[in-house]
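S.K.: Here it is: the structure, laid out below.
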Amino acid sequence: MKRILALVLVLVLALALFGCGGKANEPSKTPGGTDQPGKPAEGGSIKIGLLGCITGEYAQYGIAVHNGAKLYINKVNAEGGVNGKQIEIVEYDDKGDGTEAVNAFTRMVDNDGITALIGSVLSGATIAVVSEAYPIGMPMISASATAAGVTYNEDTDTVFSNVFRVCFIDPFQGEKMAHFAAEVLGAKTAAVIYETGNDYAVGLKDAFVKAAQEIGISVVADEGYSKGDKDFRSQLTNIAAKNPDVIFSPNYYEDDGMIVTQARQVGVTGTFLGGDGWAKVTEYASAADLEGSYYCSAYAPGSTDAVKQFEADYAAAYNGETPNMFAALGYDAAVVLVDALKAAEAKGLTAGTDEYKAAVIEAMKNTSAVGVTSQYSFDEFNNPIKDAVIIKITDGKEVFDRMF
Amino acid sequence: MSVLSMIVSQLINGLQSGSVYALIALGYSMVYGIIMLLNFAHGDIIMVGAYIVWVTMSVLGLPPAVGIIAAVAGCTLLGVIIEKVAYTPLRKSPRLSLLITAIGVSFFLQNIAQLIIGAGSKTMPAIVSGPNLYIGSVNLSFVAIVTIVVSLISMAILTILVQKTKMGKAMRAVSEDMGTAQLMGISVNKTISFTFAIGSALAGIGAVLYSCAYPQASPTMGSMLGLKAFVAAVLGGIGSIPGAMIGGFAIGILEAFVSAVGLSVWKDGVVFAILILVLLIKPTGIMGREIKEKV
Amino acid sequence: MKKNTVHIPMPIRYLINAAAIAAIYLIISALSSAGVITNYYTKILILICINIILAVSLNLVTGYLGQLPLGHAGFMAVGAYASGIFMRAVSGSMPTGLAVFLSLILAAIVAGIFGFIIGIPALRLKGDYLAIITLGFGEIIRVVLLNIDSVLGFNFTYGAASLKNIPKTTTFTLAFICVVVVCFLIHTMMKSRYGRAILSIRENEIASESCGIRTTYFKTMAFVVSAAFAGVAGSLYAGYLGILNPANFGFMKSIEILVMVVLGGMGSMIGSVVSAAVLSALPEVLRAFADYRMVAYSLLLILVMIFKPSGLMGTYDFSFTNLIGRLIGRISGKRTARKESAE
C-alpha cells in the first residue's frame, strides 16, 4: 500500500514536470519568443524578467529590490505603459543560489521569452547568470550586484557589454571609506572586521586595506567571522586592545548592528565606518552605540523631493513600509531599463528580437535617466558614475552628511 | 590591557557563548540518548522561541516575564507536537529515515517562519538589564552573568530531575533498553514525550538567553546554532548530560581563544580540527561511555 | 514467479542494457534537436545527471557500506575546484575535448586522494561519530577553500570572490556519459567480490572480519571510490555553472545529497537515481508556488518519510533485463499453459 502511495506521489510529480513542460513549450511556438526576428510581440506587451532571492537567507534584500522595481513598473503601466504597451514582469526566485539563478534565467529566456532582465540580487548568482546572458546578448541590469566581476572579466580583459548595474562596486566603496577616514577624520590607525565567506564584505575590506596602506593608515587588526555568527566579542576584544581610530565593518546591517553594540560593551571606542550594507542599521543597535558612525551609501533617506515622493509611494504600495537602499536601487534599475525600452520602442523595433535587445543595450549604455538616488550614466565598465553619499548617524538617525 | 585581563575577558566571552551552546546541546543529547535521533529541528525550536519572545514583547507589548514564560511554554509544546506528528510514526523505521524527517521539520520551520514573519532579522527588546561589573580592568556585562548563571541553574535542575525523580529513572531506563523498560511497565511513549518536552523547554530557556545576549531573531538563526550545539554534544559525548555541558563550554571557549590568537578567519576550521583530534583520541567524546560491542 | 523467469545469459544482458541506455540518450537528443527539449530543460537534465552521480556515489558508502558520512559536498568541492582551476589554466592551450577529459580524471584523482586522507581516520569511528567527523572535514575543506589564498599569497581559489570564468564545457551528452559510466562501475563493483565484502561489512562488521575480510581495506576503498565519483560530479558542476564559491559546498549541500539517497531507498541504485531526478526537478516544478515552494518541499519530505520510511524504493534494485526475462517468462508461460489446456 505504502509503496503504491509512494509510486503515485512520484508519478504525480513526474506528470507535473511534464505538464509544466507541455505548457512551457507554448511560448516558444508563439511569436515573441526568442530569436524569432520580424514577428510582432504578443498582445502588445513587453516581457521583462525580474530575478532575485525572494526566499532564503538573503530574502530581505531580494524582496526589497523586487518591490522597488515593481513599484516603478506598475507606475509606468498605470500611466499607459511604454509606447502604449504594457510591461509584463516575469518574476522568479533564485534563493541567492547560482544554479537556481541559471535555471530560472534559462526558463525566462526559453519559456517566457523575456526581452530584458532586472537581476540578480547577489553578486555570485548574477555572475552565474551573466555567463548565460552575455553570449545571447540579453540586456541585463542589476540593482545590487556589487562585485567587480559582474560586468568585467578580468582574465580576458573584456567588459560584458550587455550587463549594467546601478549600485557601486565593492572596490569603489572600500577606497572611498579609506580616503574619508584619512582626509575627513584624520585617522592614523584602523581595524577591520568582516564576514569571511561573503564576497561583498571581503571585496570592500580588501579595497579598504589596500587604499589605507597606500595613504598611510596602518591597519592594526584584521578580524573575520563566519556566516551565522552572532558573537563577535572575542574579535572585538582583540580590536579593543589595539585601540584603533576607526573600525571598518563592511557587512550587512544586521551583523553591523550587533558588532557595534558588542564593540561598545567590550570597550572599543573608535569611530565605526561601513559600506552601503549599513542602511537601516539604526534598527539594530542603540543610538548611543552608533553615535558618530559613518557609512557610504547610494541613497540618503528623505533627502530630496524625489526621494520623499518615492518613500510615500513605496509606503502606500507596501503596507506603510519604509524603503531601504535596496528598494531604491531596485526602483532605479527599473527606471534605467524602462528608459532604454522607450528608446528601443521609438526606433519601431519589435520586442524580443535581437535588434531590439541590441537597441536596449545601446540605450542603456548612453542613458541619462534620472532615478531616485541619482542621474545615471555609465563608465567604460558599465558601472554607474555617481558620487557616494556619506551618511552620519546622529541621535539614532541616518543623516545625510556630505557627498564624497 | 594586560595579558591576564585579556585572557580573562576572552574566557568570559567563551563562557557566555558556551553556556548557550551547552543548553542547546543538552536538548540534542537527551533526545539522542533516548531515541538515537539527531534532532536537526532542535536549533529551529530555538528560533521559534526567539520569535515568541519578540511577538509577546515587541508586538503585544507585554512585560519580559510573560515573554519568558510564553517562550518556554511555546517551545515545550512545539517539541512535543513535533515528536507526536513527525517522529512517533517512524519509531520503528530505519534511523536515517528519522534523520531525514528531522531535516524536513527543520526546513519546514525555517520556511514557514520566513513566510509568516519575513526574512529580515527582528530586533529584540531588552529582556534583562542591569549594571556592568568591573573586576580590575575586566568588564563583566550583566547579560553575560545572567546567561552563565541561568544556564548553570538549569543544568543543575536537569541533573536532579534525571538522577533523582521517578520520571528521570524512567528516562534512563528507556535509553538503556527500550524493550526491557516497556516490559517493566514503563510507558515508553510517555517517557519519550517527556524527554522531548524537557529538551524543548531547555531550548526555550536557551532562546531567551540567546535573545538577551544577541538581540536579533531571524528564520535561519537556528541552523548554525544547532550545528554548533550538535558538535558540542558530540564533543562531550553524545547522550551524556555532563558531556553536553562540557562540550558546550569547550566549544565556546575554544572559539573565543582561536579568535583571541588572531585566527578568527580560520575559526570554524580550527574548531572542527580540534573536534576531529578529540574524537580520534577518544572516539566516544569526552564523557561518552565506551559500549563494548557484543559479538 | 521464479520459475516463469527466463534467465538471460550475461553478454546478452549487457547488450540489452546498452541498447536501452542508447535508446534513452537518442530519444532525449532527438527531442532536444527537434526543439521539444529547450535549453532550459537541457540545463535541468544536466543538473539531474550531476545529482544522480552524487547520490549514487554517496549510496555506495551510505547504502551499501552502511556508514553515514555528512561531508560528501566537501569531495564535490575538491573535484570542482581541481577541475575549475585546471580548465582555467589550460583553456585555449589544449583541445577542449582532451582538456575536459583530463579535468574529469584529475577531479576524480584529487577527490579520491582527499577521500583516502579523510577516510583513514574517519572510518576508525562508527555511526554518529563518523557522521560528525566527516561533517568536520567537509567544513574544514570549505574554510580552507575560502582562506587558502591568504596563506599562499597568490590567487588560487579566489576565496569568497568566487572562482569565475571557468569554461562552460558540460553538455548533456558529457553528463549522460558520466552517469552511465559511474553507475556501470558501481554496479559491477557491487556484483564483484569487493561488493560482496562491502555488503558483508554493512550486515555485520565483526562477523565479516572473523571471516577474514579486511574490513578497513574495503571500507577505505568504498570511501575513496565514493569520493572520487563525487569529484567527477564536482567537475561537471564546475563546467556547468562556470563559477564556484565555497559557500555552495557547505553542510546543507551534503544534507541535500543524503536526502536524495535516503528518500530513494538506502542501498538501491535505482532509488538514488529516481529520487535525485525528482528532487532536482522539484524546485523547478514548484516554481509556480513561488513563496510556498520551500514549504511544500519540506512538507513533501516529511510526508514521504512518514508514509514510506524505507525510502521510495526500499532496497529494491531494478533490473531491466530481469524485467524482460520475467516478461518473456510470463508470455511463454502463458503459451505453455494454453498448450497444456489445449491438450
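The values are calculated or read from the model by the stated rules, or taken from the named source; none is laboratory data. Predicted, not measured: the structure shown is a model, and the values here were computed from it. For neighbour counting, all protein chains shown are included, and Cβ atoms are generated from backbone atoms with ideal geometry for every residue, glycine included.
S.K.: Taking helices (runs of 4 or more DSSP H) that do not extend beyond region C:242-340, which have at least 1 residues that are in contact with a strand residue (DSSP E or B) (Cβ under 8 Å, 6 or more places away or on another chain)?
M.R.: C:293-307
S.K.: Looking for something more than 10 Å from every other protein chain (Cβ to nearest Cβ), more than 30 Å from B:Val174 (Cβ to Cβ), in contact with a strand residue (DSSP E or B) (Cβ under 8 Å, 6 or more places away or on another chain) and not polar (S, T, N, Q) - is there at least one such residue anywhere in region B:34-49?
M.R.: No; the residues of region B:34-49 include none that is more than 10 Å from every other protein chain (Cβ to nearest Cβ), more than 30 Å from B:Val174 (Cβ to Cβ), in contact with a strand residue (DSSP E or B) (Cβ under 8 Å, 6 or more places away or on another chain) and not polar (S, T, N, Q).
S.K.: Just a yes or no: is a residue in region A:371-378 surrounded by fewer than 20 Cβ atoms within 10 Å (Cβ to Cβ) and not in a loop (DSSP other than H, G, I, E, B)?
M.R.: Yes: one or more hits.
S.K.: Here's a follow-up. Got a number for residues in region B:44-68 being assigned to a helix (DSSP H, G or I) and over 21 Å from B:Pro219 (Cα atoms)?
M.R.: Of the residues in that region, 3 qualify.
S.K.: Can you tell me which residue within region A:243-257, out of those that are within 10 Å of chain B (Cβ to nearest Cβ) and either surrounded by fewer than 24 Cβ atoms within 10 Å (Cβ to Cβ) or part of a loop (DSSP other than H, G, I, E, B) (or both), is modelled with the highest pLDDT?
M.R.: Filtering first and then ranking leaves A:Asn243.
S.K.: Looking only at region B:1-17, count every residue that is in a helix (DSSP H, G or I) and at the interface with chain A (Cβ under 8 Å from one of its Cβ atoms) and tell me the total.
M.R.: 7
S.K.: Give A:Leu290, A:Leu337, A:Leu349 a once-over and let me know the one that is at pLDDT 90 or above, closer than 22 Å to A:Val90 by Cα and among the hydrophobic types (A, V, I, L, M, F, W, C).
M.R.: A:Leu337
S.K.: Let me ask something else. When the residues of region A:264-310 are narrowed to those that are assigned to a helix (DSSP H, G or I) and among the aromatic types (Phe, Trp, Tyr), which ends up farthest from A:Pro323 (Cα to Cα)?
M.R.: Across region A:264-310, the extreme among qualifying residues is A:Trp278.
S.K.: Here is a further query. When residues of region A:216-232 are filtered for being at negative phi, in a loop (DSSP other than H, G, I, E, B) and more than 10 Å from every other protein chain (Cβ to nearest Cβ), how many remain?
M.R.: Residues in region A:216-232 being at negative phi, in a loop (DSSP other than H, G, I, E, B) and more than 10 Å from every other protein chain (Cβ to nearest Cβ): 1 in total.
S.K.: In this structure, does A:Gln235 turn out to be more than 12 Å from chain B (Cβ to nearest Cβ), polar (S, T, N, Q) and part of a helix (DSSP H, G or I)?
M.R.: Taking the combined requirement at face value, the residue does not satisfy it.
S.K.: Considering C:Val182, C:Val262, which residue is at pLDDT below 90, under 26 Å from C:Leu312 (Cα atoms) and aliphatic (A, V, I, L, M)?
M.R.: C:Val262
Residues are listed down the side, and each one gets a yes or a no for (1) within 22 Å of the chain's Cα centre (by Cα); (2) aliphatic (A, V, I, L, M); (3) more than 8 Å from chain B (Cβ to nearest Cβ):
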{"site": "C:Phe137", "(1), (2), (3)": "yes, no, no"}
{"site": "C:Ile140", "(1), (2), (3)": "no, yes, no"}
{"site": "C:Asn155", "(1), (2), (3)": "no, no, yes"}
{"site": "C:Ala175", "(1), (2), (3)": "yes, yes, yes"}
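S.K.: Is it fair to say B:Ser141 is more than 20 Å from C:Val295 (Cβ to Cβ), more than 13 Å from chain A (Cβ to nearest Cβ) and surrounded by 15 or more Cβ atoms within 10 Å (Cβ to Cβ)?
M.R.: no
S.K.: Could you tell me which of the residues C:Gly250, C:Gly265 is surrounded by fewer than 23 Cβ atoms within 10 Å (Cβ to Cβ) and within 11 Å of chain B (Cβ to nearest Cβ)?
M.R.: After applying the criteria, what remains is C:Gly250.
S.K.: Do any helices (runs of 4 or more DSSP H) entirely within region B:166-275 hold 3 or more residues that are within 29 Å of C:Ser150 (Cβ to Cβ), and if so, which?
M.R.: By residue number, B:221-236, B:241-260.
S.K.: Looking only at region C:269-316, which residues are buried (at least 21 other Cβ atoms within 10 Å of the Cβ), farther than 22 Å from A:Ala101 by Cα, within 8 Å of another protein chain (Cβ to nearest Cβ) and modelled with pLDDT under 85?
M.R.: Across region C:269-316, the qualifying residues are C:Leu301, C:Val304, C:Met305, C:Lys308, C:Pro309, C:Ser310, C:Gly311, C:Leu312.
S.K.: Something else about it: Taking A:Asp256 as meeting all but one of (1) under 23 Å from the mean Cα position of the chain (by Cα); (2) charged (D, E, K, R); (3) within 25 Å of A:Val372 (Cα to Cα), write down the number of the exception.
M.R.: Status for A:Asp256: all satisfied but (3).
S.K.: Got at least one residue in region B:101-121 being more than 20 Å from C:Ser298 (Cβ to Cβ) and either in contact with a Ser or Thr (Cβ under 8 Å, 6 or more places away or on another chain) or small (Gly, Ala, Ser) (or both)?
M.R.: yes
S.K.: Let me spell it out: the conditions are (1) free of Cβ contacts under 8 Å to residues at least 60 places away in the same chain; (2) in contact with a Pro (Cβ under 7 Å, 6 or more places away or on another chain); (3) not in a helix (DSSP H, G or I), and A:Thr350 meets all of them except one. Which number is the exception?
M.R.: All conditions are met except number (1).
S.K.: Take the residues of region A:268-284 that are over 18 Å from B:Gly262 (Cα atoms) and over 28 Å from the mean Cα position of the chain (by Cα): which is nearest to the other protein chains (Cβ to nearest Cβ)?
M.R.: For region A:268-284, the residue satisfying everything is A:Thr269.
S.K.: List the number of the failed condition for B:Ile127; all other conditions in (1) modelled with pLDDT of 90 or more; (2) more than 27 Å from C:Asp128 (Cβ to Cβ); (3) in a loop (DSSP other than H, G, I, E, B) hold.
M.R.: Among (1) modelled with pLDDT of 90 or more; (2) more than 27 Å from C:Asp128 (Cβ to Cβ); (3) in a loop (DSSP other than H, G, I, E, B), the lone unmet condition for B:Ile127 is (1).
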